[in-house]
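The values are calculated or read from the model by the stated rules, or taken from the named source; none is laboratory data. Every value quoted in this text rests on a predicted model; they were computed, and no experiment measured them. Cβ coordinates were reconstructed from backbone atoms using ideal geometry, including for glycine residues, and neighbour counts include every protein chain displayed. Heavy atoms of the whole protein, side chains included, go into the accessibility calculation; ligands, DNA and RNA do not. Shrake-Rupley method; radii C 1.70, N 1.55, O 1.52, S 1.80 Å.
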Amino acid sequence: MKLRIRSIMAVALLLTTISLRAQTISPGKQTIDKQEYFGLNLNQNIPEKYLSKYWESYLDRFGKVKSKRGIYSIEKASIPSVSNAPVQLTSQINSGKDLSQVFLALYVNGQYVTNASDDSYKNAESILKDFSDYAGVREEARVADEIFTSSEKNYQKQTKDNENTAKEIEKTERKLIEMRAELEKKKLEADNSLIDLQNKQKTLEAARSRVK
């Protein structure tokens, strides 16, 4: 019962921590394969390993994703909220000490989406905000599953240990029963030996009494 309560509290604490994580979006630029790109940055506290997985899955809705060493691209992305024309999407995920960062560059009609006052920029921000929610719920599920799996393994280990202890107790109890039975047998043998010794002592005394 205590284990279950601790597990529930741990899950609640971690999920609260995830939901409170700072998720900031800002203009940015990135050099990718020796080429400079301009776009937007999204900071997340989700580990790069998992954030990359969520990002690639999320991008799949815009077109065929090509990925290589943390770089993701769609040559002709379909993003109607940004432009009716095909969009060249280039993205990279980096990680620092405490944050992972998603960089997103959208190239439309010969220029990058960089002007914060344009609707296309605001819609690009909306894409990253939507992804932030998308990644957040998946990370919550992953962490909850990880904690549950860990708790389940711990419970199974404790159950196995208890079963082994119970078997040892049963084995010890059987041994004690055998030892008590052996002790009773030896006590009976000792009693018989005492009677035999007493009879032999009487025989000895009788024999001595006849010696003159």
Say whether the condition of being at pLDDT below 95, of a type in the set (S, T, N, Q) and outside any helix (DSSP H, G or I) is met by at least one residue in the range 146-155. no
So which residues in the range 198-208 are open to solvent by 90 Å² or more (accessible area, probe 1.4 Å) and modelled with pLDDT under 90, if there are any at all? GLU205, ARG208
Does ILE71 satisfy the condition of being among the hydrophobic types (A, V, I, L, M, F, W, C), touching a strand residue (DSSP E or B) at 6+ places or on another chain (Cβ under 8 Å), more than 27 Å from ARG142 (Cα to Cα) and touching a residue at least 12 places away in the same chain (Cβ under 8 Å)? no
Does the range 165-174 include one or more residues that are open to solvent by less than 60 Å² (accessible area, probe 1.4 Å) and over 30 Å from ASN41 (Cα atoms)? yes
Which one of these does ASP130 not meet: (1) open to solvent by 50 Å² or more (accessible area, probe 1.4 Å); (2) out of contact with any helix residue (DSSP H, G or I) (no Cβ under 9 Å at 6 or more places or on another chain)? (2)
Could you say whether any residue in the range 41-48 is closer than 21 Å to VAL113 by Cα, open to solvent by less than 90 Å² (accessible area, probe 1.4 Å), assigned to a strand (DSSP E or B) and out of contact with any helix residue (DSSP H, G or I) (no Cβ under 9 Å at 6 or more places or on another chain)? yes
